[in-house]
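All remarks here apply to the structure that follows.
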Amino acid sequence: MAQRKEESTMTQAQKKKLFGRDFTLMVAGQIISLFGNAALRFALSMAVLDLTGSAALFGVISAISMVPTVLFSPFGGILADRVSKKRIMAALDFTTAGLLLLYALAWGAKAPVLAIAVMLVALSVIQSFYQPSVQSSIPLLVGEEHLMAANGVTVQVNALSNLLGPILGGLFYGFFGIAPILYVSVICFFLSAVMECFLHIPFEKREKKGNMFQLVRSEFGEAGRFFLRQQRPLLKLLFLAAGLNLFLSSMLTVGLPFLVKLYLGLSNQHYGFVEAAMGVGSILGGLTAGLVAGKLPFTRAHLLLTASAVLTLPIGAAVLTAGAPYLSYGVILVSVTALMCCTTLFSVYAQTLIQKLTPEGLLGKVSSAVTVICMCAFPLGQALYGFLFDGAGGLSFLVVFLSAVFCFLISLMSRRALKQIEA
């Protein structure tokens, strides 16, 4: 109990500034862990493709490895609200380092496809328990006035790791194979776990009532009552964020490679720069969050979605004028960068608002609910736009314009939800 009180007092002192000791330590651990994870997952996926030569099997394994995030994130949220977040993060990073070391010693570069698939699934399971603890820790480590800037920092770290991790993983894998990446990843996760052991995150142990089944039912019921009885407008905002994944993010993921490579007739390298532009836009969005915090009120955050809808239109127009492919490509690059900046900034606003309105004892469950609802929308959107782009043929610009219309409608509905929350 004394230790718990000490952690709380120390954290309150650190909350007076954004980059206090504990938040800085957590971000540093995230940088190491996320870069290692991104590089490792990319290298393991490439190993599957090299071993099988089958794009279909590669796609199936990649899809299956995402399923545990949806299935187990709610339980990760329950765990984050009932167990010390510091211990969860450290234990999972130590576990990941141990699993990777065993994997490297047992198989190294000669791992069968099944072993790679099992490792990808295991990494996904670990992340589904890990991320709710990280997300729910942020409001406990920084003051409310720094919360939006802190969320922007975590977005930048994620975006940078997703941008540079595969690049570094690809370089290491191309020159040295997968074995060195495994050992580097072991070191990354081990160092991250050691750093997390020195975190001070407030934690108050809650009384356990009933058996495991009763506990899970009670915890889910508590989160459900929070959304349905106390913060119904917040639930609307959450589904609108999922709608953004369904109608806009999915269009970009499925449509951009189709438009750049097939419609404009450009190379894989050209599409690679589009991916990089999306990453840069996300990083800029996270950076901008710290600059606009307090200047753009939450009730006007819907304007970011309106801007996103407007920025989607030049992408469709660029495809419509595909007679000048490099001019169209330049328009797409600029539009995608600005578009991702706006959508990322809106996501930071929405995440900050959810954290501010969520009681401390529900932070883990609510953050996992956000993850599950938004992730479920993504594959549905990918399937929808795959069908639409295939069927549209030479009228692909209409699909892009349709996405812009949906984004504008979401911005209108977000305006209403944000006003209800403010009221």
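The values are calculated or read from the model by the stated rules, or taken from the named source; none is laboratory data. Predicted, not measured: the structure shown is a model, and the values here were computed from it. Glycine also receives a Cβ, built like all others from the backbone with ideal geometry; neighbour counts cover every protein chain displayed. SASA here: full protein model, heavy atoms, side chains in, ligands and nucleic acids out. Shrake-Rupley method; radii C 1.70, N 1.55, O 1.52, S 1.80 Å.
Among the helices of the chain (complete DSSP H runs), which have Cα atoms covering no less than 30 Å along the helix axis and a Kyte-Doolittle mean of at least -0.5? Don't jump to the answer; show the numbers that get you there.
Details: long enough: 21-52 (47 Å, 1.08); 85-106 (31 Å, 1.00); 113-141 (41 Å, 1.54); 147-176 (41 Å, 1.17); 268-292 (36 Å, 0.79); 325-357 (47 Å, 1.21); 363-392 (43 Å, 1.24); 396-422 (39 Å, 1.36).
Span-like helices, by this rule, are 21-52, 85-106, 113-141, 147-176, 268-292, 325-357, 363-392, 396-422.
Given an 8 Å cut-off on Cα distances and at least 6 residues of separation, report the relative contact order of the chain as a percent. Before the final figure, lay out each step's value.
Working: 591 pairs, mean separation 111.8, N = 423.
Over the chain, the number comes to 26 percent.
From the protein chains alone at 1.4 Å, what is the descending order of accessible area for F247, F94, F190, F273, largest first? Present the calculation step by step, with values, prior to reporting the outcome.
On the way: F247 45, F94 75, F190 105, F273 130 Å².
The ordering from most to least exposed comes out as F273, F190, F94, F247.
Describe numerically, in nm with one decimal, the distance between label points set 7 Å from Cα along Cα→Cβ at L398 and at Q230.
Taking the simple label geometry, L398 and Q230 are separated by 4.8 nm.
Specify which residue in the list S192, A91, F387 is farthest towards the positive end of the charge dipole of the chain, using unit charges on the beta carbon of Lys, Arg (+1) and Asp, Glu (-1), about the Cα centre.
Final value for the positive-end residue is A91.
Suppose we take every Cα in the stretch 112-186 and form the convex hull; what volume per residue is that in Å³?
On the way: hull volume 7.6 nm³, N = 75.
Here the figure is 101 Å³ per residue.
For the stretch 332-423, what number results from the quotient of the Cα radius of gyration and 2.2 N^0.38 Å?
Working it through for the stretch 332-423, the quotient is 1.34.
Can you send over the solvent-accessible area of T371, 1.4 Å probe, protein chains only, in Å² to the nearest 10?
That residue has around 50 Å² of solvent-accessible surface.
What does the convex hull of the alpha-carbon atoms of the chain project to on average, in nm²? Each step should come with its number before you reach the end.
Numbers: hull surface 82.8 nm².
With the hull built on Cα positions only, its mean projection is 20.7 nm².
On a 1.4 Å probe surface of the protein chains, which of L34, L160 comes out largest in accessible area, and what is the full order?
Working: L34 20, L160 65 Å².
Most to least solvent-accessible, the answer reads L160, L34.
To the nearest 10 Å², what's H200's accessible area with a 1.4 Å probe?
Using a 1.4 Å probe on the heavy atoms, I get roughly 40 Å².
Once the whole set of protein chains is in place, how much accessible area is left on F129, using a 1.4 Å probe, in Å² to the nearest 10?
The accessible area comes out at roughly 50 Å².
Could you give the accessible area per residue of the chain, probe 1.4 Å, as a whole number in Å²?
Values: 19070 Å² over 423 residues.
Averaged over the residues of the chain, the accessible area is 45 Å².
Size of the dipole of the chain about the Cα centre, Lys and Arg at +1 and Asp and Glu at -1 on the beta carbon, nothing else charged, in debye to 20? Walk me through the intermediate numbers first.
Values: 29 positive and 17 negative charges, 220 e Å.
Charge dipole of the chain: 1060 debye, to the nearest 20.
Can you give the FRET efficiency to the nearest 0.05 for K110 and L262, using r as the Cβ-Cβ distance and R₀ = 30 Å? Don't jump to the answer; show the numbers that get you there.
On the way: r = 37 Å, r/R0 = 1.22.
Efficiency, rounded to the nearest 0.05: 0.25.
For the chain, which whole percent of the accessible surface, found with a 1.4 angstrom probe, sits on carbon and sulfur atoms? Before the final figure, lay out the partial values.
On the way: 13370 of 19070 Å².
Looking at the chain in its full context, I get 70 percent from C and S.
Could you list log10 I(q)/I(0) for the stretch 303-367 at q = 0.28, 0.29 Å⁻¹, which the Debye formula gives when each Cα is one point scatterer?
-1.05, -1.09
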